[in-house]
Every structure is written in structure tokens, then in C-alpha cells.
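Just dropping this structure here.
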């Protein structure tokens with residue numbers, strides 16, 4: 001069986017964001033970009049061979065490497081910003097249902113960088129993720145619902161394996177959509193509903209969230225970096241941030257319902 005690691009991908013844009021619960025692994029730097037008359041200060045991280053991100057105090061930026069004129073006054077980009085592992089980009093759409101359950105939809109890419117056809121993908125599953133993982137729904141880019149199995153892995157851990165109905169050819173990228181139902185994730189206290197998403201990623205990650213609140217919801221509080229939009233009478237919350245590996249940051253929103 002040929003397997004691939006799921007890489008979560010999203011087109012990144014600059015939107016308001018605030019500091020997370022713990023500091024990034026690198027120190028802030030001052031970056032001067034071509035076409036911008038003022039320097040940007042924040043945590044610089046390389047995304048791939050040609051692109052970089054910078055997480056400022058209040059904003060997230062992404063730009064090509066050839067736009068970088070200087071870093072801390074020097075012409076060279078320091079090796080420290082190139083990171084020690086892969087950078088995963090995550091895009092989540094979370095739909096909060098009136099009774100407190102939350103549908104979490106994530107967009108995912110499987111990238112085949114091998115010379116063989118890939119027939120499956122897999123990832124590790126912790127004990128506390130077992131029940132939720134077994135209930136996931138996974139669809140390929142052609143609308144097929146794919147079979148998901150959780151099998152024993154190494155060192156007592158578990159492995160989730162998804163079989164493809166359409167194999168992924170060499171150099172091809174296959175898009176997947178994953179649906180997870182988080183039961184009772186939003187809980188009511190008095191007249192206020194509270195929903196917390198606990199950020200705790202094991203690898204460097206950019207995290208874009210779009211949260212849809214139930215009809216008639218009124219926002220009472222959000223975590224730093226959220227902005228709200230109203231569309232079709234519904235309230236949406238949007239946020240984006242770079243989280244270095246092992247950042248712990250509980251992201252909580254509060255709202256009321258009629």
C-alpha cells in the first residue's frame with residue numbers, strides 16, 4: 001500500500017490577528033519589503049522555496065522572497081527563519097449548530113511526490129482522538145465518500161488510513177474534504193453559549209478559521225484576532241494566524257441566542 005501524509009492547504013491573505021498564547025520559536029525581526037515604505041516587525045518564517053510569512057503583532061503577511069530587501073538591516077535572510085520542519089497550512093469552516101454541536105469542515109491536499117500511484121493516505125491518531133476520528137466523513141475532489149479505518153500503529157499509537165477510489169498520479173495533488181462532528185462542543189452557561197477550540201499543534205502551522213454562528217446569534221466576546229462579518233443575516237467570525245509548533249492557545253467565543 002502506498003501512502004501519503006495529508007497536507008492541509010489554503011490560499012493565505014493578510015487579515016487582523018493578535019499574539020497567541022505562547023511566543024514563536026524565533027525572535028522578532030525587522031523586515032523591509034520592496035513596495036512598502038515602512039518596515040514590518042514580527043516573526044519571519046519561510047513557507048517554501050520562494051515564499052515567506054511574517055506574523056506581526058496585529059497582522060499576518062505573506063510575500064515572495066524576492067520582495068525582501070533587508071532583515072534586521074542585512075541583505076541576507078537568516079537561516080533561523082527557514083524553520084526546522086514542515087509548515088502546514090490549515091483551513092477550517094466550523095458551523096455551530098443551535099444545540100451546541102459543531103460541524104468542522106477542513107480542506108486538505110494529498111500531494112504525490114513519489115514515482116508511484118498513491119492509493120491511500122494516513123496519519124497518526126492519539127487515544128483521545130479515537131472516537132472522533134472513527135466518525136469522520138472524508139470526501140475526494142470528485143464527491144466520493146472514502147472509507148476510513150483506524151488501525152494499530154507503532155509504539156502503541158493508532159493510524160488512520162483512507163483508501164482512495166481514484167488513485168493519485170505522480171506529481172498530482174488530490175483535494176480532500178474532511179467533516180468532523182464535535183458533540184456538545186459549545187455549552188451554555190446561564191444565557192451565554194461558550195465554544196472553545198484548543199490550539200495545540202505538534203508542527204508549525206498557519207491556521208485560517210471561518211466560524212458560522214446559529215441564526216439569530218449575538219456575539220458577546222471573541223478571542224483576540226477575530227473579526228466578524230454578516231452575510232445573508234448570519235454572523236461569521238474570521239481569523240488567521242501563524243502558530244509555531246507546540247503553541248498552546250485556547251480560542252474561545254461567547255454568544256447568545258434569541
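Please treat every number below as a calculation from the coordinates, not as lab data. No experiment lies behind these values; they were computed from the predicted model shown.
Rounded if a/c is under 1.5, else prolate if a/b is larger than b/c, else oblate: which is region 72-160, with a ≥ b ≥ c the root eigenvalues of its Cα gyration tensor?
The shape class here is prolate.
With springs only between Cα atoms under 10 Å, which of 122, 106, 34 fluctuates most in a Gaussian network model of the chain?
34
If you don't mind, another one. Return the ratio Rg/(2.2 N^0.38 Å) for the chain, where Rg is computed over Cα atoms only. All intermediate terms of the calculation are to be shown ahead of the outcome.
Numbers: Rg = 19.9 Å, N = 258, 2.2 N^0.38 = 18.1 Å.
Here the Cα radius of gyration is 1.10 times the empirical estimate.
With N set to the residue count of region 36-81, report its C-alpha Rg divided by 2.2 N^0.38 Å to two decimal places.
Rounded to two decimals, the normalised Rg is 1.06.
Mind putting together the pair-distance distribution for region 113-222? All Cα pairs, 10 Å bins, whole percent per bin, short to long.
10, 31, 35, 17, 6, 1
How many angstrom lie between the Cα centre of region 180-218 and the Cα centre of region 24-84?
31
Output the relative contact order of region 83-138, whole-number percent, from Cα pairs under 8 angstrom with separation of 6+ residues.
Computed value for region 83-138: 20 percent relative contact order.
Additional query: Using only alpha carbon pairs under 8 Å that are at least six residues apart, calculate the relative contact order of region 29-82 and give it in whole percent.
Details: 90 pairs, mean separation 19.0, N = 54.
Once divided by the residue count of region 29-82, the mean separation gives 35 percent.
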